[in-house]
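S.K.: Questions regarding the structure given below will be posed in turn.
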Amino acid sequence: MKRQGIAEALRDGIAEEMTRDERVFCIGEDIGVPGGWGGAFTVTLGLAEKFPGRIIDTPIAELGFTGMAVGAAMMGMRPIADMQYGDFLFLASDQLINNAAKMRYMSGGTVKVPMVMRAPIGATGRGSQHAQSMERYFTGVPGLKVVAVSTAYDAKGMLKAAVRDDNPVMIFEHKLLYGSKGARAEPGAVDATSEIPDGDYTVPLDRAAVRRPGTDVTVLGWLLMAHFAAAAAGTLAAEGISAEVIDVRSLSPIDYETIGESVRKTGRVVIVEEGPKTGGVSAEICAGIMERFGDHLQAPVVRVASADVPVPFTPILENAYRPDAARIAQACRDLAGR
Amino acid sequence: MNGASAANPPALPDPQDRDFLLGLYGTMVLIREFEERVKFLFLEGTMPGTIHQCQGQEATATGVCAALHADDWITSTFRGHGHALAKGLTVQEMLDELFGATTGCCKGKGGSMHMGNMAKGMVPGIAIVAGGIPLAAGMALAFKMQRTQQVVACFFGDGAVAEGAFHEGVNMAAIWQLPVVFVCENNLYGASTRIDKVMKNPRISDRAAAYGFQGETVDGNDVLAVHAAARRAAEACRTGQGPVLLELLTYRRTGHSRRDACHYQAKDEREAWFSRDPITRFATQLLARGDITPADLDAIKARIDSQITQGVELAKQAPQPTLADLTTDVFA
Ligand SMILES: Cc1ncc(C[n+]2csc(CCOP(=O)(O)OP(=O)(O)O)c2C)c(N)n1
Ligand SMILES: [Mg+2]
């Protein structure tokens, strides 16, 4: 056992998979440059020396390197692509959505695309184009698996499961959760470290995780919002409100079994999302809950999400934009009182 | 609507004129001192956000923008402070923006990576590498359709030429002979990656020939060479001979962003480029003329220093947005 942050856990996970399976390689911008950073958030730091020729630094060409990952995967390799910031997935999305996600179906089930795309998201003082919550743009794409990792344990386990999966898997990470130290440290970072077991383990790509059991209200969130939801639950406990916090974690497909068990128990649901409210993943989860467990709800589902605006730069507005523990707690109070 | 002046643009000043040259020098010093102060404020922790700075690259922005008329336009990138100052944005509106104030050039909503002012011919910086290239071609298409005499100078880095957006944008500008000067600031690195790792042909201006238009490589640390090339390019654009690709060879003296220590830059390379610093070089040239003294240059720097100091004081007290500002400006 050792205590690790998400960046270190991902790094070890990638290294272990590369050692286990020589088809695994990494591709992306600034991921293996000597004297460089090991990617924008240090995840691949030091791996280029360990795995010569298998940490591939590309030109700034997201569409290109993503397409190459798709092609290499089709020919039997197991690429892990690194998107410096999730926002640049828009450039790569043609290859992901039109090629990676559809190859299997279009080919009548004869093609496999076992690739991983990792991308950090989150509003972090960088302004509108380095901040977006990108998961919503990919969760509705049949043929793509989408997960979001909020703890170091999950990050390593889901990374490994994704590498071993025969389908394209997108892993969303959060800039405030890497826990990277030193030069690349982020102001406002939240502790997402875990005890990491010594041996090999995987975490399934289709299961939510109950982070804190409770009986009065179910709070669903992922990435940074899972942490804020847990903080809100702590506050609420002191007030006598018992919130069950679920880290949704697998965003496509969504684990309605775990969610349903909780909804049947509490009858009240708050869904928290960092992206804008309109068109978010929370809308899909809300509809899914209504269809499956509507009869068990004692009050309408509540969403706590960001404003329907681009991410603002100035800290005052950025903090007002994004949900925080106080807003989540208030939504739970309001709902529990109904 | 796009700021086109009705009359023919006024002639540009004589490039040998003493005041004009001192103006170029002043702009370069302004950019350097602004960036140094911002770096200090950032490291000190008073300034929020992230920063991408341009110390060492002052001659590119200065030389190009001095070749443009007031109603010409520029597009910029995440590394846009120098472009903004050279295009005439004020120290105050930029510092206010960096401090997230409503008096900033983008009301605190843009920040360092999106500096701009539509009233001054600068589109907010586009932080997606190469994202400004097709956009600038589109602006030039508008100028052509509107039959104005305007030109857009589109700034981007060496890293951008690997993106599809570069190739799509320059090709369309070429086939329709659009008035856009593509200004590639080749500082040898895209983030931590040196150009020789990511291009087989590192002569970026050669790309123009592949698409059938003019390209030129220029010493980007020689402000007069940059200026002369930019004048020729803008003139070509105005007479329907556009577009033009200018590759300006330069070097970033500071980190890519934030606290980057540049360990990927070789020591001898850094030293070689430091000895070609654009400001020191230009100062030497100016002093050799005989009609400019060290005291003249010192006075310029002193004036700029106090301007920036005053600007910082004001910016620290500038009005911050209220929550009502969160939802404004989304739609026109
Ligand atoms: C599409 C896209 N990919 C990656 C990035 C991350 N990024 C920001 S700046 C940069 C390097 C850009 O290099 P260059 O174009 O040479 O400009 P310079 O930084 O040297 O001014 C990278 C990779 C980005 N902003 N946009
Ligand atoms: Mg560069």
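The values are calculated or read from the model by the stated rules, or taken from the named source; none is laboratory data. Quick caveat, the model's predicted, so the values are computed rather than measured. Virtual Cβ from ideal backbone geometry, glycine too; neighbours counted across all protein chains shown. SASA here: full protein model, heavy atoms, side chains in, ligands and nucleic acids out. Shrake-Rupley method; radii C 1.70, N 1.55, O 1.52, S 1.80 Å.
S.K.: Mind telling me which of A:Gly53, A:Gly122, A:Gly71 comes out most flexible in a GNM of chain A, alpha-carbon contacts under 10 Å?
M.R.: A:Gly53
S.K.: Can I ask one more? Put B:Glu35, A:Glu284 in order of accessible area, largest first, 1.4 Å probe: what do you get?
M.R.: A:Glu284, B:Glu35
S.K.: Roughly what % of DSSP beta bridges within the stretch B:18-310 run antiparallel, to the nearest 5?
M.R.: 10 percent
S.K.: Something else now. How would A:Ile285, A:Ile97 line up by accessible area, probe 1.4 Å, largest first?
M.R.: A:Ile97, A:Ile285
S.K.: Each label point is 7 Å from the Cα along the Cα-to-Cβ direction; what then is the distance between the points at B:Val330 and A:Asn98, in nm?
M.R.: For the pair B:Val330/A:Asn98, the computed spacing is 3.0 nm.
S.K.: If the elastic network links every pair of Cα atoms under 10 Å, which of B:Met113, B:Met47, B:Met94 fluctuates the most in the Gaussian network model of chain B?
M.R.: B:Met47
S.K.: Restricting to bridges with both residues inside the stretch A:149-258, how much of the DSSP beta-bridge set is antiparallel, in percent to the nearest 5?
M.R.: Of all bridge pairs located within the stretch A:149-258, approximately 45 percent are antiparallel.
S.K.: Right, next: From the phi angles alone, apply the Karplus equation (6.51, -1.76, 1.60; θ = phi - 60°) to the stretch B:31-36 and give each ³J(HN,Hα) in whole Hz, x where the residue is Gly or Pro.
M.R.: Calculated HN-Hα couplings, in order: 4, 4, 5, 4, 5, 5 Hz.
S.K.: Most mobile of A:Tyr321, A:Tyr105, A:Tyr178 per a Gaussian network model of chain A (Cα springs, under 10 Å)?
M.R.: Evaluated over chain A, the most mobile residue of the options is A:Tyr105.
S.K.: Which distance in nm do the two modelled labels at A:Arg3 and A:Asp198 give, with both placed 7 Å along the Cα-to-Cβ direction?
M.R.: About 1.9 nm separates the two model spin labels.
S.K.: Then there is this: With Cβ to Cβ distances under 12 Å as the rule, what net charge do the other residues near B:Val330 carry (K, R +1; D, E -1)?
M.R.: -2
S.K.: Right, something else. Between B:Ala70 and A:Tyr256, what is the label-to-label distance in nm when each label sits 7 Å out along the Cα-to-Cβ direction?
M.R.: The two pseudo-label positions are separated by 6.4 nm.
S.K.: What fraction of the DSSP beta bridges in the protein assembly as shown is antiparallel, stated in percent and rounded to the nearest 5? The partial results should precede the final answer.
M.R.: On the way: 12 of 67 bridges.
In the protein assembly as shown, DSSP labels about 20 percent of beta bridges as antiparallel.
S.K.: Assuming a viscosity of 1.002 mPa s and a temperature of 20 °C, what translational diffusion coefficient in µm² per second does Stokes-Einstein assign to the stretch A:36-163, Rh being the Kirkwood radius over Cα pairs?
M.R.: 138 µm²/s
S.K.: Can I ask one more? Compute for chains A and B the buried accessible surface, both sides summed, probe 1.4 Å, and express it in Å² to the nearest 100. Don't skip to the answer; put the middle values down first.
M.R.: Numbers: alone 13370 and 14710 Å², together 25040 Å².
That pair of chains buries around 3000 Å² in total.
S.K.: Another one. Using only the Cα atoms of the stretch A:209-336, build the gyration tensor, take square roots of its eigenvalues as a ≥ b ≥ c, and label the shape rounded, prolate or oblate: rounded if a/c is under 1.5, else prolate if a/b is larger than b/c, else oblate.
M.R.: Oblate, because a/c is 1.5 or more while a/b does not exceed b/c.
S.K.: How big is the shadow of the Cα convex hull of the stretch B:18-310, averaged over all directions, in nm²?
M.R.: Over every viewing direction, the Cα hull of the stretch B:18-310 projects on average to 14.7 nm².
S.K.: Per residue, how big is the convex hull of the protein assembly as shown when only Cα atoms are used? Give it in Å³.
M.R.: Details: hull volume 110.6 nm³, N = 670.
Each residue corresponds to 165 Å³ of Cα convex hull volume.
S.K.: Please report the spacing between the Cα centers of the stretch A:59-94 and the stretch B:163-201 in Å, no decimals.
M.R.: Value for the Cα centre distance between the two parts: 20 Å.
S.K.: Per the 1.4 Å probe, what fraction of the accessible area of the stretch B:18-310, in percent, lies on carbon and sulfur atoms?
M.R.: Details: 5710 of 10240 Å².
That fraction is 56 percent.
S.K.: Got the relative contact order for chain A handy, in percent, Cα pairs under 8 Å and 6 or more residues apart?
M.R.: 16 percent
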